[in-house]
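What follows is one structure encoded as structure tokens, with my remarks underneath.
The values are calculated or read from the model by the stated rules, or taken from the named source; none is laboratory data. Remember, predicted model here, so these are calculated numbers, not experimental data. Here the Cβ is made from the backbone with ideal geometry for all residues, glycine too, and neighbour counts use every protein chain on show.
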Protein chains: 2
Amino acid sequence: MVAATRLDRRDLAQRAEALAAVGDPVRLAMVTLLARHQALCVCEIQTAFDLGQPTISHHLKVLREVGLVTVERRGLWAYYSLRRDALSDLAQDLLTLARPQG
Amino acid sequence: MVAATRLDRRDLAQRAEALAAVGDPVRLAMVTLLARHQALCVCEIQTAFDLGQPTISHHLKVLREVGLVTVERRGLWAYYSLRRDALSDLAQDLLTLARPQG
DNA sequence: TCTCTATATTGACGAACTTCGATTTTTAGA
DNA sequence: TCTAAAAATCGAAGTTCGTCAATATAGAGA
């Protein structure tokens, strides 16, 4: 039996979920925004989008659930940060697939 | 004004579309399958999935429309190939985002 | 030309998704 | 304790998506 590939080992459905998360234009823009900062609170993130606060909150939840961002509460504010390691892992999996014999 | 980043230059919505394409578990499995072969016809691809032929055709069309696969007709058969360069570009964009100052 | 096979397209249906308005929860400060 | 502000949750509306059955298209061979 052939050795399991990277994408077999980590659950394919789980990877697809993460890719679908960044596959939404709003969430990809959020990730891009968070990539340029160490941490941003929801109200700061919201100013970058023409969307209601519940919608922003919803998208951040999706990103949180797939492990691409983390939250840290400070007083009234919730500071979101990009999990660069998780995003890097996702990218590496795609890179591996892209290579011959990936 | 700050220089445009990689993800600004290439249209963000277009990138999101490609990520959404591989964000479906069936299509990610298709890409994974195609990554292990040089080219596969639809009927060969279909044997790997418990889905009807129109559904397979639909998913391949989605992957084609975002530029992640190409088709080559040979007689009755349509041979699909992974566009490794396009997948690699997508992965590189995510990698760039994942890096500090991405 | 007729038939058979591989693939694509169409139309429909149910599920999932994005968004919003309204409400709730949580915390800080008066 | 009361109020104000930030964020999360809920419920609903409208849209998109995945899937299928049926049909159409295209090419090969008789």
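Could you tell me which of the residues B:73, B:83 is more than 7 Å from every other protein chain (Cβ to nearest Cβ), surrounded by 15 or more Cβ atoms within 10 Å (Cβ to Cβ) and among the basic types (Lys, Arg)? Quick ask: steps written out before the conclusion?
Numbers: B:73 fails: surrounded by 15 or more Cβ atoms within 10 Å (Cβ to Cβ).
None of the others qualify; the one that does is B:83.
Can you name the residue in segment B:61-75 that is more than 15 Å from residue B:87 (Cα to Cα) and in contact with a strand residue (DSSP E or B) (Cβ under 7 Å, 6 or more places away or on another chain) and is also nearest to DNA strand C (Cβ to nearest atom) among such residues? Write out each step before concluding.
Here is the first cut: in segment B:61-75, the ones more than 15 Å from residue B:87 (Cα to Cα) are B:61, B:71-75.
This time we only want the ones that are in contact with a strand residue (DSSP E or B) (Cβ under 7 Å, 6 or more places away or on another chain), so: B:71-72.
On the way: B:71: 6, B:72: 10 Å.
Within segment B:61-75, the match that is nearest to DNA strand C (Cβ to nearest atom) is B:71.
Test residue B:36 against the criterion of being over 26 Å from residue B:11 (Cα atoms), within 10 Å of chain A (Cβ to nearest Cβ), charged (D, E, K, R) and surrounded by 14 or more Cβ atoms within 10 Å (Cβ to Cβ), and give yes or no. Walk me through it before giving the result.
On the way: over 26 Å from residue B:11 (Cα atoms): yes; within 10 Å of chain A (Cβ to nearest Cβ): yes; charged (D, E, K, R): yes; surrounded by 14 or more Cβ atoms within 10 Å (Cβ to Cβ): yes.
It is true that residue B:36 is over 26 Å from residue B:11 (Cα atoms), within 10 Å of chain A (Cβ to nearest Cβ), charged (D, E, K, R) and surrounded by 14 or more Cβ atoms within 10 Å (Cβ to Cβ).
Among the helices (runs of 4 or more DSSP H) contained in segment A:24-101, which hold 2 or more residues that are under 24 Å from residue B:17 (Cβ atoms) and away from DNA strand D (no atom under 14 Å from the Cβ)? So that I can check it myself, show each step before the final result.
Details: elements: A:25-35, A:42-46, A:53-65, A:84-98.
The qualifying helices (runs of 4 or more DSSP H) are A:25-35, A:84-98.
Of a type in the set (A, V, I, L, M, F, W, C) and within 14 Å of the chain's Cα centre (by Cα): does that describe residue A:33?
Details: of a type in the set (A, V, I, L, M, F, W, C): yes; within 14 Å of the chain's Cα centre (by Cα): yes.
Taking the combined requirement at face value, the residue satisfies it.
For segment A:57-102, name all the residues that are in contact with a Lys or Arg (Cβ under 9 Å, 6 or more places away or on another chain) and at positive phi.
Of everything in segment A:57-102, those that are in contact with a Lys or Arg (Cβ under 9 Å, 6 or more places away or on another chain) and at positive phi turn out to be A:67, A:101.
When residues of segment A:1-26 are filtered for being modelled with pLDDT under 60 and hydrophobic (A, V, I, L, M, F, W, C), how many remain?
Total meeting the criteria: 5.
Consider residue A:19 carefully, then state whether it is at the interface with chain B (Cβ under 8 Å from one of its Cβ atoms), farther than 17 Å from residue B:27 by Cβ and within 13 Å of DNA strand C (Cβ to nearest atom).
So residue A:19 does not fit the description; no.
Evaluate the following for residue A:47: is it away from DNA strand C (no atom under 11 Å from the Cβ), crowded, with 16+ Cβ neighbours inside 10 Å and of a type in the set (S, T, N, Q)?
Details: away from DNA strand C (no atom under 11 Å from the Cβ): yes; crowded, with 16+ Cβ neighbours inside 10 Å: no; of a type in the set (S, T, N, Q): yes.
It is false that residue A:47 is away from DNA strand C (no atom under 11 Å from the Cβ), crowded, with 16+ Cβ neighbours inside 10 Å and of a type in the set (S, T, N, Q).
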